[in-house]
Amino acid sequence: MESTAVSEVVTIGETMVLVVPVEDGTLDTVEHFTMTVAGAESNLAIGLARLGHTVTWFSHVGNDPFGRYLRRKIDAEGVDVSRLGTDPEAPTGVFFRERVPGSPPVGYYYRKDSAASRLQPADLPDDLFMGASIFHCTGISLILTESLRATIEKAAALARERGVRVSFDPNLRLRLTTVEHARAALLPLLSKVHILLAGLTEIGLLLQNDEPLALLERLREEFGVEEVVFKDGARGALVADAAGNLVSVPSVTVGPEVDPTGAGDAFNAGYLSGRLRGMDPPAAARVGAVMGAHAVAHVGDFENLPTWPQICSGM
Ligand code: KDG
């Protein structure tokens, strides 16, 4: 039976089974592994669910144990997976990540021809955006395959038609693409985006400018982006206020940094939660900064993200 669940936020993108070694070291030397979940969009969905929002994650998984595992784990996090489809002819993507002390984590993708990468515009459920306030997507989907890119473009167009705000994180993955390909694939979507949540370095690379005010002006004038946040890691974030100035929001520390992966997705969840609660962009970015701080203080992308009451007691 078709679900009629209504969510405040809808997100679409590939989620993979993440296999991580139990011990530190390169993948050719470690022997024991554990399994979890990785995907920028489902990380955001889980972060928002922890903060008390209703959120739907749409994608395809394979008809395999990994697909069943992802459906069960993400459902158990309180994310609506009722629209998640199964592609009987393609596998679920798999991702290995190695941890070597003193080096940034390195990922190895096994996602070519995966179920999610074969998504097509016709796979979008008709009622996907019913009742939603925000549609969030990332540049990862735009660079994986032509059909997934077309699916996201159609989803963004449908969302706009239905009055749903489109939120976008370029999430430039240079292990998956080149800057030139990313520019060609990502920049056309910007004119459909209301809320841009971008790493300062990556948007600088994409738009070939490293001056934040010049980037803001171009994003507003050429692409019509209404809300702009530049994330800059430990240096915090720059957030455009109503007057068109960039306000600096410092990063937050909740413990020593052990794993930076997922910090951007956690920030995005906090920012969108703040905006859904009626906060102005700088205040929402402060929620984002707290979420990002929790992500980097723990191993894993989302496992230790806080709930809304925990955020309020620490802010
Ligand atoms: O944002 C964290 C992601 O990088 C990770 O979970 C995997 O979505 C992912 C990707 O495609 O790199």
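The values are calculated or read from the model by the stated rules, or taken from the named source; none is laboratory data. All values reported here derive from a predicted model rather than from experimental measurement. Positions of Cβ are generated from backbone atoms using ideal geometry, with glycine treated the same way; all protein chains shown enter the neighbour counts. Note: accessible area is taken over every heavy atom of the protein model, side chains too, but ligands, DNA and RNA are not part of it. Shrake-Rupley method; radii C 1.70, N 1.55, O 1.52, S 1.80 Å.
Debye calculation, C-alpha points only, no solvent: report log10 I(q)/I(0) for the chain at q = 0.07 Å⁻¹, in the same order as the q values.
The computed values of log10 I(q)/I(0) come out as -0.24.
Roll a 1.4 Å probe over the protein heavy atoms and report the accessible area of Val22 in Å², nearest 10.
In the full protein context, Val22 sits at about 100 Å².
Once the whole set of protein chains is in place, how much accessible area is left on Phe66, using a 1.4 Å probe, in Å² to the nearest 10?
70 Å²
Given a 1.4 angstrom probe, I'd like the percentage of the accessible area of the chain that is carbon and sulfur, rounded to a whole number.
53 percent
Calculate, for the range 1-67, the solvent-accessible area per residue in square angstrom, rolling a 1.4 angstrom probe over the heavy atoms of the protein chains.
Working: 2450 Å² over 67 residues.
Heavy-atom SASA per residue in the range 1-67 reads 37 Å².
Whole angstrom only: what separates the Cα centroid of the range 214-247 from the Cα centroid of the range 9-73?
The two parts, judged by their Cα centres, are 30 Å apart.
Length gain on complete extension for the stretch Asp28 to Asp241, per 0.36 nm per residue less the alpha carbon to alpha carbon distance?
Values: separation 213, 0.36 × 213 = 76.68 nm, distance 4.84 nm.
Difference between extended and current length: 71.8 nm.
Please identify every one of the GluC sites (Glu not before Pro) in the range 196-232 that sits in a loop by DSSP and has no more than 15 other beta carbons within 10 Å of its own beta carbon.
Glu222, Glu226
So how do Tyr69, Tyr110, Tyr271 rank on accessible area, 1.4 Å probe, biggest first, that is with the largest at the start?
If we order Tyr69, Tyr110, Tyr271 from most to least accessible, we get Tyr110, Tyr69, Tyr271.
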